[in-house]
Amino acid sequence: MPQLKSFGNLSLENKTFSALAFSPCCARLASARKLFRIRDNLDSIRIAVIGGGVTGLILGLAALRDGYRVDVFERSDSITDVGAGISFDINAAKVFESLGLGDVIDRISYRSKTSTYRTHDTNKLKLFLDYSNTSGKVMCLRAEFVREVAGLLPKDQLHLGKKFESLQQHHKLVTIRFKDGSSYAADLVIGADGINS
Ligand SMILES: Cc1cc2nc3c(=O)[nH]c(=O)nc-3n(C[C@H](O)[C@H](O)[C@H](O)COP(=O)(O)OP(=O)(O)OC[C@H]3O[C@@H](n4cnc5c(N)ncnc54)[C@H](O)[C@@H]3O)c2cc1C
């Protein structure tokens, strides 16, 4: 994905937000709010998030809860996250709670003080992690977590089958173009397309 760095007055690091770094994401949204303060209605500020993985979906939800008009564009035709389990620290769980995901986390996760990693074929123990001196980890099925978060975004703001191809920055707007020939104009574009971002 091309560099997504400076849009209008807002400078974003060209960075994929880690699943464990939602607080900085929220801080960036707060900065965006200040930079766009000349507008009365936050929902008139259109944020486009490229990528509907864990980061893009959570970021979309955070922007939505903050009052922005946010649209998430995912290249796949469905939200079917691969992978088995996902774990995150208690501080990440607190951020999820602040986004209204507390009930979801309680329902689909459990807390653990250890993690055990084994090879898939021989079941040989590869790694054992002991978190007993910490608050532990929150563990859940990754696909379930992603499905729950995706379900909280308005259906017309989560766009599937939209493979980002290019963008063009105008004076105040950025026009994004997708592989299917469609386009979308946004005030702010955030790349959350994973390791290739
Ligand atoms: C084996 C393994 C275990 C892990 N375990 C954990 C863990 O326990 N806890 C944890 O916090 N992290 C874990 N991670 C790391 C975690 O998976 C990543 O940090 C996380 O997936 C990053 O999320 P993301 O949304 O940034 O990227 P991704 O999950 O890669 O999502 C990117 C999304 O962007 C979409 N996309 C890509 N290109 C385009 C395009 N051109 N147009 C539109 N959409 C596009 C993709 O289809 C995808 O849906 C693990 C990683 C691995 C490999």
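For the stretch 85-145, the alpha carbon positions stretch 40, 28, 13 Å along the principal axes, listed from largest to smallest.
Legend: ranking of residues VAL72, VAL189 from fewest to most surrounding C-beta atoms inside 10 Å; resulting order VAL189, VAL72. Every Cα-Cα pair of the stretch 57-189 was included, and the share exceeding 19 Å stands at 61 percent. For the stretch 124-195, would you read off the P(r) tail past 19 Å as a percentage of all alpha carbon pairs? Result: 60 percent of Cα pairs exceed 19 Å.
Annotation note: trypsin sites (Lys or Arg not before Pro) in the stretch 109-148 located in DSSP loop regions with a Cβ neighbour count of at most 13 within 10 Å are LYS113, LYS124.
Footprinting exposure proxy ranking of ILE45, ILE190, fewest other C-beta atoms within 10 angstrom first, gives ILE45, ILE190.
We did not get these values from a lab; they are worked out from the coordinates using the rules stated. None of these values were measured; they are calculated from a predicted model. No Cβ is skipped: glycine too gets one built from the backbone with ideal geometry, and neighbour counts run over all protein chains shown.
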